[in-house]
Amino acid sequence: VQLQASGGGLVQAGGSLRLSCAASGRSFSSYAMGWFRQAPGKEREFVTAISWSGNTTYYTDSVQGRFIISRDNAKNTVYLQMNSLKPTDTAVYYCAARTWGTPGVYTTQYDYWGKGTQVTVSS
């Protein structure tokens, strides 16, 4: 499975961005998908995840109510809509796939990773 994240960029505080993660392979619809982020000098941290069906989603507290994860299994793509962005959201954002269909919150639970896309929020 190959994952390609896109949609990052520079945005002012309060603005919005939509990240996409396109996956190769026929098994995408059976995988849970997650988004993680890593700021300079910090550990990679969980942001959000979605089950294979899209029926179950998890969010870290700091993005709850501002970010929305969704997926389109017909397009092998998972999305991250980010609203009300803050400078503290600045990081490289990575999408990840878990062959087990239920979402996880730890990096060790994911089997495949994309290369990441930079999100920079200016104050």
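The values are calculated or read from the model by the stated rules, or taken from the named source; none is laboratory data. The model shown is predicted, which means the values in this text are computed figures rather than measured ones. Using ideal geometry, Cβ is built from the backbone for each residue, glycine included, and neighbour counts are taken over all protein chains shown. Quick note on the areas: whole protein, heavy atoms, side chains included, nothing else; ligands and nucleic acids left out. Shrake-Rupley method; radii C 1.70, N 1.55, O 1.52, S 1.80 Å.
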Q. Carbon-plus-sulfur fraction of the accessible area of the chain, 1.4 Å probe, in percent?
A. 47
Q. Rounded to the nearest whole Å², what accessible area per residue is found for the chain with the 1.4 Å probe?
A. 52
Q) Hey, got a sec? Which chymotrypsin sites (Phe, Trp or Tyr not before Pro) in segment 76-123 land in a DSSP loop and have at most 12 other Cβ atoms within 10 Å? A) 106
(Q) Give me the percent relative contact order of the chain, please, defined on Cα pairs under 8 angstrom at least 6 residues apart. (A) 37
(Q) Relative contact order for segment 25-70: what percent, with Cα pairs under 8 Å and sequence separation of 6 or more? (A) 30
